[in-house]
Amino acid sequence: HGAELAQAGIRNMTYYSESLSIFEFLLKTEGKEFIRAMCQQLKKGKPMDEIIRGLKAYPKGLPQLEQTWIAWVNAG
């Protein structure tokens, strides 16, 4: 059971680290106004992919955002 808990802990830490990183990326690239609007739209039930597709930079949605974010992370 310990190995299972350790693995879940690693997944959880990875999830939170990636979440914080993508939030920081969106804040730096899209700005505070986008973050506010995104949160309001999510609260109303709008899917994240639809929100991202609404940005001129990511017409292909989440896969395109993920590629750009990974390049940003790798650039350090």
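The values are calculated or read from the model by the stated rules, or taken from the named source; none is laboratory data. Every value quoted in this text rests on a predicted model; they were computed, and no experiment measured them. All Cβ positions, glycine included, derive from the backbone under ideal geometry; neighbour counts span all protein chains shown. Only protein heavy atoms, including side chains, enter the accessible area calculation; ligands, DNA and RNA are left aside. Shrake-Rupley method; radii C 1.70, N 1.55, O 1.52, S 1.80 Å.
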Quick one: dipole size for the chain, taken about the Cα centre, charges +1 on Lys/Arg Cβ and -1 on Asp/Glu Cβ, in debye to the nearest 20.
-> 360
Unit charges at the beta carbon, dipole of the chain: most positive-side option, I70, G9, G31 = G31
Rounded percent of accessible protein surface that carbon and sulfur make up, the chain, 1.4 Å probe | 58
Specify the angular offset, from 0 to 90 degrees and rounded to the nearest 10, of the alpha carbon long axis of helix 32-43 from the longest principal axis of the alpha carbons in the chain.
-> 70
Where a ≥ b ≥ c are root eigenvalues of the Cα gyration tensor, a/c under 1.5 meaning rounded, otherwise prolate if a/b exceeds b/c and oblate otherwise, segment 25-64 counts as oblate
Relative contact order, percent, of the chain when contacts are C-alpha pairs under 8 Å separated by at least 6 residues?
-> 18
Computed from these coordinates, which is Cα Rg over 2.2 N^0.38 Å: (i) 1.01; (ii) 1.09; (iii) 1.29?
-> (iii)
Nearest 10, in degrees from 0 to 90: the angle of helix 2-30 to the longest Cα principal axis of the chain is 20
